[in-house]
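A.B. asks: This is the structure I have questions about; it appears just below.
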Amino acid sequence: MLCVRYFRNKSILDQAIEDIDFFGDFPEFGDKRHTVWLFLMELTRRRWGARPRGEMERAAKILREAGSPYCDVEATVWEQRKYFKDVFVQGKWQPSSRNYMRWATLTVRLVNSALENIDLTVSVQGASTLCRALRANSLRGVVAQTHASSPRCSAYLAAQLHELAAVLKAKAPAAPAIPQLGKLIVFGAGDKVSTYVNALRELGIEASEAPHSGAPVCVLSEAVHCDTPTVTSALDGVVAVLATPPNSYSAVLTESEIDVDGKARVQSILEEQKKTLKTLLSKPQIQLILYETHSALEAENQAQIQATHGQYTEETCGPFGDGF
């Protein structure tokens, strides 16, 4: 989980690095910022002390195998630990240790340790649970739904967010500090974006296709994993996500109801799930993810999560993905 945590706290880590002028003193590491983040986050996890005896041998082996620049960065961060600790203490910064990535099996499991044992089976319950998590974790910002799968589900989520925003604003009159509270962005409507927007309006939800329209719900045609300026801009303020990629629905259909074509779609479904999860993992501003399927296939649930998280960790952190 370390790689996920250091992305969530990168602004704090960057401030500490800047305060002690780390790259000014060690310009040779200027292009290794992510590696410095990783070792600094790992150092805070150890409360600025040496690694436990049981970790020392394994860590030393990984560093030897990784070689330069990883071993050099790690040694330098360790040497500068006193200065890092001083700025953290003075600034009263505490990198979060919250379990951000608590994933689902079979149906829905909340990505939050306080509610990690709640299993749900329908989208509307997922929406209400997501809102409870936002409130419990004091998260403020835009919420996204990764796939425009059902106008009714999107409408329910939008209504829940509107209600939550009203409650929080009533409790906190100085609400301008709460950016876009109640805003929902729905991705992946494709060529049916206008139909989806109209369906939401018929359900009493103010919605628009224009990202900057001011409507509480924005529906985009592009997929959440598309690398376009529109998607990138839309994701900037997102703090929580209801991930609803396509799935086989094998948990709610009998074997006889799944035809040959349906079985042939499984591979493309798995690929879409993976792309969705990897995109969400790569966004440091996203604090909470609720992943939902209605599949009984392990490949779409825990196996998909573990494989995607492992692949993302390897690509992002190299040999240090599971090192500490």
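A.B. asks: Where does each of 26, 187, 84 land when they are ranked from fewest to most other beta-carbon atoms within 10 angstrom?
C.D. replies: 26, 84, 187
A.B. asks: So what's the net charge close to residue 167: Lys and Arg +1, Asp and Glu -1, counting the other residues with Cβ under 13 Å from its Cβ?
C.D. replies: +4
A.B. asks: Rounded to whole Å, give me the distance from the Cα center of region 183-198 to that of region 129-146.
C.D. replies: 20 Å
A.B. asks: Let me ask you something else. Distance between the C-alpha centers of region 230-245 and region 18-41? Whole Å please.
C.D. replies: 29 Å
The numbers here are math on the coordinates, done by the rules we state, and not lab data. Quick caveat: nothing in here was measured; it's all calculated off a predicted structure. Glycine also receives a Cβ, built like all others from the backbone with ideal geometry; neighbour counts cover every protein chain displayed.
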